[in-house]
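A.B. asks: So that we are looking at the same thing, I have put the structure below in structure tokens.
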Amino acid sequence: MGARDLHASIVEMALAVEENPAIELACLVWRGERMSWARTRNEWGRVTRLLPEPVRRRLGLLWLVKGSETKCEPPDLGTHPVVRQLEKSGLREEVGAAPASAGLSPGFSEVFKVLLALWLRGSGPITTGELIRRCRFSYPTIAGAIEELVRRRELRRLRNRSVELVGFPRQTWQQVVAISDQLRRTIRFVSPSGRPPDPEFLLGRLSKTPLDWVAVGGVIAARRLFPEFDLKGTPRLDLTLGSRGANVPLLIGRIDPSLESTTDPSAEFSLVVHRLRRDDPLFETSPQGGPATADPVEVLLDLHELRLERQAAELVEYLLRKRRT
Amino acid sequence: MDLEPRSLMTRLASMLPPDLAAGAYVAGSLAAGFHFEGHLPRREMRTKDADIVVHTIGAHDELGRRTEELLSRGWTWNYPKKFSPGSAETPVGELPFIRLFPPGFSDFFIEFLGEPAIGQQEAKAHGRIVVSGAHYAVPVFRFIGLTSWNLLDSGLGLKYADPAMMCLANLLSHPRLGTTRMETDIGGTACLRSAKDLGRVLAIARLTPRGEQDAWAERWVQALMKWFPQEWRQLGSSIASGLEELARDPAALGEAHHTAAHLGLLPGLRVSVEQLAGVASELNHDVLRPFIERCTRG
């Protein structure tokens, strides 16, 4: 996890705090193995001093490395009850254990998703420069992801510094699916009236005033990609947001200002919004007009999140058949 | 008592003289229950009366004769406890309203309501009606005329008020919650009149698909312009105030939930008090704000 990831995490946390006045304190827990405390604190300061005071004073940083003292910014953060609770929660042991997902950083997974989405669409080899342009990540992040995928024998290097997936990268795909909840930046919304989700109604609202940084994902997009998609009904509306211009409050204001965000995993979500980290959203214009369609990889991840495993597998097989022809 | 709105509507249609039925329509709880009968538990609702709005209230003699005709057909009086028929000297505000039990009923009655003049200012006016020499009154509510807009056909020989228009009339009738309480307990609670009426608004909103509600604002504007040509903008711009007050008042909101649930419009949906507040929020964003914007723009 490099400085760019740290910057992105701070901005993401600041957005969450700005959008939700009920949050008194948001604390970023940063695993410090790859970045010293001095560097981390410096990068933290570079970003947070750009933020407005009402947001900045509600942000905190907790730097953890196994065997080292926990560091905080601001320094008195360590006395905050929430932070003390975090310390007691076993988080340090989790950090020390370096979970299996450690190799799949948000940067790596985003590069992987771009490679896979372009491959599923039948695009040819892609150069490193093209990947940098599409992802807007640093060269080391892109190169590291390529190196790891080559090591896994899922990617091959070609001439002209281009690369191409060898086939459907099932090993990495399964890992990405397994931790996609952690990798994706997702906000979930419920209806305050307890009405059953009405995705077509929300989509109708969005279609009246489409936003070029919003694309439809989930079941609705799966039906667009695969006309024989086998599911009755639409459980919720999934939307994917590009990183340029994305504004969640503006989106909610357009389609349903009464929606309420929730972190309750058992809630019946009306709307689920996934925010991309990369620069090129890979949206596909809808031939019928209206909102664009998210790329097939995001759609597949939406289906897995919905526990529609069989339908996701059928969509993969369909996309593979379509690619071959 | 629990009654089937469809059965009630059928019996009323068959018992009212056809020309009276043609010049009147059903409003209030029976109209709402009939419209949403598919959502009612066992297709039943709890109601004790039917509001019959008579278009020809201006012709008081005509309504008097019609009432005499009903009495001759076996309908019977249901006088409120503290009122008895008056004379020409009795102030109109002290006269009993025309409430009649249909033949064979002793726990369900109809009440005639009058249609107001365009732009009526009083919240509740009275029309004097003479029936067989005795004097009675017909209440004429300021906003009841709005419910005559876009009347719906029951298919049984009686028209009924569009629930969306009943919402408009109820919202305009209660720009504040006020302190007036119902004279009759509802499920053991003497509820605020405003909480009861606004609770019905929320129940109707909850039962109506949100896609359909998108069309309400324009219909409301058209009806309001007709009935209040001089002041429709002013009236429309303050339509949300009572509902906003209700949503902020836990006790009143509880009463609104209690009355809507007691009537039978909500139980099948298992709507909690908190969710009823959510309905208010949705209604505000979906209908009230676009309506207010339409009323206030030049």
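Read-outs: derived from the displayed coordinates by stated rules, not from any lab. Just so it is clear, the model here is predicted, and its values are computed rather than measured. Quick reminder, even Gly has a Cβ in these numbers, built from the backbone with ideal geometry, and neighbours come from all protein chains shown.
A.B. asks: Just from the alpha-carbon atoms, what are the Rg and Dmax of segment B:1-105 in angstroms?
C.D. replies: 15.1, 49
A.B. asks: Same structure, new question: To the nearest 20 debye, what charge dipole does segment B:127-197 have about its Cα centre, counting +1 at the Cβ of each Lys and Arg and -1 at the Cβ of each Asp and Glu?
C.D. replies: Value, rounded to 20: 240 debye.
A.B. asks: Another question, then. Please list B:157-170, A:178-191 highest first by mean number of surrounding beta-carbon atoms within 10 Å per residue.
C.D. replies: Packing proxy ranking, top to bottom: B:157-170, A:178-191.
A.B. asks: So in chain A, what percent of DSSP beta bridges are antiparallel if you round to the nearest 5?
C.D. replies: For chain A, the DSSP antiparallel bridge percentage is about 60.
A.B. asks: Against the longest alpha carbon principal axis of chain B, how many degrees, from 0 to 90 and to the nearest 10, is the axis of helix B:163-173 turned?
C.D. replies: Tilt relative to chain B: about 90 degrees.
A.B. asks: Which residue, B:88, B:21, A:180, has the largest displacement toward the positive end of the dipole of the protein assembly as shown when charges sit on each Cβ (Lys, Arg +1; Asp, Glu -1)?
C.D. replies: Final value for the positive-end residue is A:180.
A.B. asks: Rounded to the nearest Å, what's the spacing between the alpha carbon centres of segment A:1-41 and segment A:265-315? Just the number, please.
C.D. replies: Between the Cα centre of segment A:1-41 and that of segment A:265-315, the gap is 26 Å.
A.B. asks: Give the calculated FRET efficiency between residue B:193 and residue B:79 to the nearest 0.05, with a Förster radius of 22 Å applied to their Cβ-Cβ distance. Before the final figure, lay out each step's value.
C.D. replies: Numbers: r = 22 Å, r/R0 = 0.98.
Computed FRET efficiency for residue B:193 and residue B:79: 0.55.
A.B. asks: How much length is gained on full extension from residue A:121 to residue A:18, taking 0.36 nm per residue of separation minus their Cα-Cα distance? Write out the running numbers ahead of the final one.
C.D. replies: On the way: separation 103, 0.36 × 103 = 37.08 nm, distance 3.73 nm.
Computed gain between residue A:121 and residue A:18 is 33.3 nm.
A.B. asks: Give me the one-decimal nm value for the distance between modelled label points at residue A:268 and residue B:118, 7 Å along each residue's Cα-to-Cβ direction.
C.D. replies: If labels sit at residue A:268 and residue B:118, their model points lie 4.7 nm apart.
A.B. asks: What's the exposure ranking of A:309, B:282, going from fewest to most Cβ atoms within 10 Å? Before the final figure, lay out each step's value.
C.D. replies: Details: A:309 11, B:282 22.
With the fewest neighbours first, A:309, B:282 line up as A:309, B:282.
A.B. asks: Let me ask something else about it. Can you give me the distance in nm between label points at residue B:7 and residue B:89, each placed 7 Å from the Cα along the Cα-to-Cβ direction?
C.D. replies: 4.8
A.B. asks: Taking 0.36 nm per intervening residue step and subtracting the Cα-Cα distance, what contour gain separates residue A:38 from residue A:76 on full extension?
C.D. replies: Answer, rounded to one decimal: 12.0 nm.
A.B. asks: Residues of B:281-291, mean number of Cβ from any other protein chain within 10 Å of their own Cβ, rounded to a whole number? Write down the numbers at each step before the final one.
C.D. replies: Values: counts 8, 8, 2, 2, 5, 5, 0, 0, 1, 0, 0.
So the per-residue partner count for this stretch is 3.
A.B. asks: With unit charges on the beta carbons (Lys and Arg positive, Asp and Glu negative) and the dipole taken about the Cα centre of the protein assembly as shown, which residue among A:16, A:28, B:266 sits farthest to the positive side?
C.D. replies: Of the listed residues, the answer is A:28.
A.B. asks: Using unit Cβ charges (K, R positive; D, E negative) and no other charged atoms, how large, in debye to the nearest 20, is the dipole of the protein assembly as shown about its Cα centre?
C.D. replies: 2400
A.B. asks: Here is a further query. For peptide A:252-263, what's the mean number of Cβ atoms from other chains within 10 Å of each residue's Cβ?
C.D. replies: The per-residue average across the peptide is 2.
A.B. asks: How many Cβ atoms of partner chains, on average, are near each residue of B:273-280 if near means within 10 Å of its Cβ?
C.D. replies: Other-chain Cβ atoms within 10 Å of each residue's Cβ, averaged: 4.
A.B. asks: Find how much the distance from residue B:37 to residue B:153 grows on full extension, using 0.36 nm per residue of separation minus their present alpha carbon separation; answer in nm with one decimal. Could you put the intermediate results ahead of the total?
C.D. replies: Working: separation 116, 0.36 × 116 = 41.76 nm, distance 1.47 nm.
Here the segment from residue B:37 to residue B:153 would lengthen by 40.3 nm.
A.B. asks: Taking the beta-carbon count within 10 Å as an exposure proxy, list B:105, A:168 from fewest neighbours to most.
C.D. replies: In order of increasing Cβ crowding within 10 Å: A:168, B:105.
A.B. asks: Once you charge only the Cβ atoms, +1 for Lys and Arg and -1 for Asp and Glu, what is the size of the charge dipole of chain A about its Cα centre, to the nearest 20 debye?
C.D. replies: Its charge dipole is roughly 1060 debye.
A.B. asks: Ok, one more. So for chain A, considering every pair of alpha-carbon atoms, how many percent are separated by more than 34 Å?
C.D. replies: That tail contains 27 percent of the Cα-Cα pairs.
A.B. asks: If you don't mind, another one. Which cross-chain or sequence-distant (5 or more) residues have an amide H under 5 Å from the amide H of residue B:131, H modelled 1.01 Å from N in plane?
C.D. replies: B:136
A.B. asks: Give me B:136, B:79 ranked fewest to most by other Cβ atoms within 10 Å of their Cβ, as a rough exposure proxy. Walk me through the numbers on the way to the answer.
C.D. replies: Details: B:136 27, B:79 12.
Placing the least packed residue first, the sequence is B:79, B:136.
A.B. asks: Restricting to DSSP H runs of at least four residues, report the calculated mean residue ellipticity at 222 nm for chain A, -39500 (n - 2.57) per run over all residues, nearest 500 deg cm²/dmol.
C.D. replies: My calculation for chain A gives -13500 deg cm²/dmol from helical runs alone.
A.B. asks: Return the FRET efficiency for the residue pair residue A:309, residue B:212: r is the Cβ-Cβ distance, R0 is 30 Å, and the value is rounded to the nearest 0.05.
C.D. replies: So the FRET efficiency works out to roughly 0.25.
A.B. asks: What's the ranking of A:310-319, A:284-293 by average number of surrounding C-beta atoms within 10 Å, highest first?
C.D. replies: Descending packing order for the listed peptides: A:310-319, A:284-293.
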